[in-house]
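Peer 1: Before anything else, here's the structure in question.
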Amino acid sequence: DAHSMGGRVVLGALKQLMDENKMPARLDLNLVAPPLAGYGSANGARMAPGFIGRMIAGVEPGRDMGTNSDFQRMLAALRLPASVTVRVFIGTADDVVDGKDPAFEQMVHNLGASLTRLSGADHVTAVAQAAALTPH
């Protein structure tokens, strides 16, 4: 299970496992409120020169969150094997991740994931609602 940016992190880790031929035989992955499409607002972080980026808190990690980042391009190209079951949960009241963004929906499709919209859930309350719907 991964929430928010943790979903991006776990997908990056799975890419590395695939590249190293170390994927587990079977994996069930629940992504809750993941910013799969990145953030256009984070694209500016890439424009900050290295020394300026290091001086402004939060800029360096933000580089990988941009819609035009190398990390985002890797995520967009990621296709997981059939042995990985992916479920994506997004709250209908999430004001951090836009679950209706066509780029988000395309990412869900690319991952071969099921998408569950949690009625009334926001970015945080989606965690408890998703947990109640998934076997553990």
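Peer 1: Within the stretch 114-136, how many residues turn out to be among the basic types (Lys, Arg) and either assigned to a helix (DSSP H, G or I) or closer than 16 Å to Val84 by Cβ (or both)?
Peer 2: So the first thing to find is which residues in the stretch 114-136 are among the basic types (Lys, Arg), and the list is 117.
This time we only want the ones that are either assigned to a helix (DSSP H, G or I) or closer than 16 Å to Val84 by Cβ (or both), so: none.
The number of residues fulfilling the criteria is 0.
Peer 1: Given the criteria in contact with a helix residue (DSSP H, G or I) (Cβ under 9 Å, 6 or more places away or on another chain) and closer than 18 Å to Gly6 by Cα, does Gln106 qualify?
Peer 2: no
Peer 1: Taking the stretch 1-37 only, how many residues are buried (at least 17 other Cβ atoms within 10 Å of the Cβ), touching a Ser or Thr at 6+ places or on another chain (Cβ under 6 Å) and either more than 21 Å from Asp64 (Cα to Cα) or without any contact (Cβ under 8 Å) to a residue 40 or more places away in the chain (or both)?
Peer 2: Total meeting the criteria: 1.
Peer 1: Any chance you could count how many residues in the stretch 5-40 are of a type outside the set (A, V, I, L, M) and in contact with a helix residue (DSSP H, G or I) (Cβ under 9 Å, 6 or more places away or on another chain)? Walk me through how you get there before you give the answer.
Peer 2: So the first thing to find is which residues in the stretch 5-40 are of a type outside the set (A, V, I, L, M), and the list is 6-8, 12, 15-16, 19-22, 24, 26, 28, 30, 34-35, 38-40.
With in contact with a helix residue (DSSP H, G or I) (Cβ under 9 Å, 6 or more places away or on another chain) added as a condition, the list becomes 8, 12, 15, 22, 24, 30, 34-35, 38-39.
So the answer is 10.
Peer 1: Looking at the stretch 99-113, which of its residues are open to solvent by 10 Å² or more (accessible area, probe 1.4 Å), under 12 Å from Tyr39 (Cα atoms) and in a helix (DSSP H, G or I)?
Peer 2: Ala103, the sole residue that qualifies.
The values are calculated or read from the model by the stated rules, or taken from the named source; none is laboratory data. The shown structure was predicted, so the numbers you read here are calculated from the model rather than taken from an experiment. Cβ atoms come from the backbone with ideal geometry, glycine included; neighbour counts cover every protein chain shown. Side chains are part of the model used for accessible areas, which takes the heavy atoms of the whole protein and leaves out ligands, DNA and RNA. Shrake-Rupley method; radii C 1.70, N 1.55, O 1.52, S 1.80 Å.
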